[in-house]
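The values are calculated or read from the model by the stated rules, or taken from the named source; none is laboratory data. Quantities reported herein were computed from a predicted structural model and do not represent experimental measurements. FYI the Cβ positions are ideal-geometry reconstructions off the backbone, even for glycines, and counts take in every protein chain you see. Remember, those area values only see protein heavy atoms, side chains included, never the ligands or the DNA or RNA. Shrake-Rupley method; radii C 1.70, N 1.55, O 1.52, S 1.80 Å.
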Amino acid sequence: MDNKLTPARRKQVIRDNVAGWLFTLPSTLVLLVFTFLPAFIVVGLSLFDTNLVGQSDFVGLGNFRQMLTSGDFWGSVLRTLYFTVGSVPVAVAVSLLIAVLLNAKIRGRTFWRLGFFIPYITPLVATSIIWIYIFNPDYGMLNATLHFVGLPVSRWLTDTVSAMPAMILYSTRHDIGFAVIIFMAALSKVQTELLEAAQIDGAGGWKTFWHVIWPMGWLEAGRARSPVGWRPVLPLDD
């Protein structure tokens, strides 16, 4: 059998290929201009001692050597690890718990779903202003609540001990809405046959969750994206 293309078929293949490249061209240009090009520019700038407006001196890897020997750099690394370890597990656990509860047949389920998701779509500047008032050490709602129940109050954002927990609390509350939506979508894809099989085998609620809902739901959620982020910390820190 002859596998060679006829001239007419070859022209059709070429037209299809050209059309495909033209359709992907806008996305490709955006990726190149706003992702890869800035990345290459940043790598190039890292090899120079420059103020971006005057003379530039090539220093090679000198900037990296200075960075790795700087106490400020390693302090930033430790604070980043602190924030990540403190926010990611809590956000995942709480959002998964909320998603499981909201997937159940409860009254006002749509209202509760909306209530958890609204903070995520609210502009960061607006939510940060609200939380700055909540964390205010003099008239903030958080300290007022702690004082009412007899617990010690804190300076929160102005205290070196409580500043990071405050940022973790704010970031978790802001991002939890998106994580809940992702987990709810993932849990809805768990096959009912698996849940019914677990019930027939005598599995209780916890075993069904741990051996069926959790692995299947986490697999589907992982296909979407990570359920937590770090962006909300930036406006709050300002």
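Structural remarks
- Modelled FRET efficiency - R0 22 Å, residue 149 with residue 129, Cβ distances, 0.05 increments: 0.30
- Theoretical FRET efficiency, 1/(1+(r/R0)^6), r = Cβ-Cβ of residue 63 and residue 29, R0 35 Å, to 0.05: 0.70
- Residue 139 versus residue 18: modelled label distance in nm, points set 7 Å from Cα along the beta carbon direction: 7.0 nm
- Of the complete DSSP H runs in the chain, those spanning 30 angstrom or more by Cα along the long axis with a mean Kyte-Doolittle score not below 1.0 are 71-103, 163-188.
- Within the accessible area of region 1-148 (1.4 Å probe), percent carbon and sulfur: 72 percent
- Peptides 195-206, 90-101 ordered by packing proxy, namely the average of other Cβ atoms within 10 Å per residue, highest first: 90-101, 195-206.
- Entry note, the chain: the mean residue ellipticity at 222 nm calculated from DSSP H runs of n ≥ 4, each adding -39500 (n - 2.57), is -21500 deg cm²/dmol after division by the residues and rounding to the nearest 500.
- Region 150-191, accessible surface, carbon-and-sulfur percent (1.4 angstrom probe): 67 percent
- Residue 141 accessible area, assembled protein chains, probe 1.4 Å, Å²: 120 Å²
- Within straight-line cross-link reach of residue 11, lysines at Cα separation under 23 Å, skipping those fewer than 8 residues along the same chain: none
- Taking label positions 7 Å along the Cα-Cβ direction at both residue 199 and residue 11, the computed distance is 6.3 nm, reported to one decimal.
- Amide proton proximity set for residue 48, modelled H, under 5 Å, gap of 5+: 59
- Sorting 61-69, 37-45, 177-185 by their mean Cβ neighbour count within 10 Å, with the most densely packed peptide first, gives 177-185, 61-69, 37-45.
- Shape of region 81-149, Cα gyration tensor, a/c cut at 1.5: prolate
- Solvent exposure of region 142-212, expressed per residue, is 60 Å² of accessible area, with all protein chains present and a 1.4 angstrom probe.
- Distance-filtered residues of region 135-170 - backbone nitrogen under 14 Å, label point 7 angstrom along residue 82 Cα→Cβ: 156-169
- Full extension of the chain between residue 117 and residue 207 yields a length gain of 29.5 nm, computed as 0.36 nm times the residue separation minus the alpha carbon distance.
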